[in-house]
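*Asks:* Before I ask anything, here is the structure I am working with.
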Amino acid sequence: MIVITGAAPQTDLVARGDCVCRRHDGRFEEILTLEKKLLGTILRSSFKLALAMTPALLFFPQQAAGQVGSPESKGPGGPAAAPKYEVYAGWGYTSINQVNQSRYGLIGVELNAMRDWGKYFGFSVMGNYFKPPLSIGSGGGGVNNNTANPGDPSVYEVLAGPEFHADIYDRVGGFFHGGMGVEHTGGEQMTPNFSFAGGFGGGLYYRLSDRFSIRVSGDKIGAAFSLRDNTALLGYSPHRTWNSSATIGLTYHF
């Protein structure tokens, strides 16, 4: 054993094997041994902490990227949110098979409002009004050589239901929808002149911009009305008929 005597009589540095110890008042303090133990403890704790945090570090960027946006994305120059609503207005046509002895269908306006619920699904409310007859040509040939529709028919429809829509290619997309509601046939002295109605249809749209698109579609709508000139003796018996309709117009997204 080698003893190195310091300036103070009570303190000596002693070299023992692979460590240096300090003798103070008859006690040895193993300086290097304590430092090695402390360093080993810190390294082991750091390694365990790194292992515990690795899954969180790998998982966090994928989950947080969709929730935490950059300051630029929230500012005026960031990407705009996708529109959730749309309104449609267009020219429309419908047949009037519920009016016996009719010769022409009717033209009018079709209105639609829809709320998107995700990328592919929405809920729409449709209101239609048809009045002027779409008469092509002239002359007789109808029932009793009539050249016009009997009476003065008009049709109102209000339907609501789900819609499925998706982009097909580039700016072109398609949709299918169904709806239930009520239909009214006026100007024909029908009893009843209101009926439960329901139908389905679909069409295509072409996006002109993020806000506007052109849409063309067709529907098949069924309802039940009595025949013209029906009476109480006949029980005002209703008959179910199906009418085909078509529309083209402009859609605004917001």
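*Asks:* Does region 85-253 classify as rounded, prolate or oblate by the C-alpha gyration tensor (a ≥ b ≥ c root eigenvalues; a/c under 1.5 gives rounded; else a/b over b/c gives prolate, otherwise oblate)?
*Replies:* prolate
*Asks:* For the pair residue 252 and residue 206, how long in nm is the line joining their label points, each one 7 Å along Cα→Cβ?
*Replies:* Result for the modelled spin labels: 2.2 nm.
*Asks:* Computed FRET efficiency, Cβ-Cβ of residue 237 and residue 87, R0 41 Å: what is it to the nearest 0.05?
*Replies:* Taking R0 as 41 Å, the efficiency between residue 237 and residue 87 is 0.55.
*Asks:* Rounded to the nearest 0.05, what FRET efficiency is calculated for residue 227 and residue 125 with R0 set to 51 Å and r the Cβ-Cβ distance?
*Replies:* 0.95
*Asks:* Only Lys, Arg, Asp and Glu count, each charged at its Cβ (+1, +1, -1, -1), so figure out the dipole size of region 85-253 about its Cα centre, rounded to 20 debye.
*Replies:* Value, rounded to 20: 140 debye.
*Asks:* Could you calculate the FRET efficiency of residue 115 with residue 156 from 1/(1 + (r/R0)^6), where r is the beta carbon distance between them and R0 is 22 Å, rounded to 0.05?
*Replies:* About 0.45, to the nearest 0.05.
*Asks:* If each residue of separation counts as 0.36 nm, what is the full-extension length gain between residue 167 and residue 193 once their alpha-carbon separation is subtracted?
*Replies:* That works out to 5.4 nm of additional length.
Laboratory data are not the source of any read-out in this text; all were calculated from the coordinates shown. Because the structure is a prediction, the values reported are computed rather than measured. Virtual Cβ from ideal backbone geometry, glycine too; neighbours counted across all protein chains shown.
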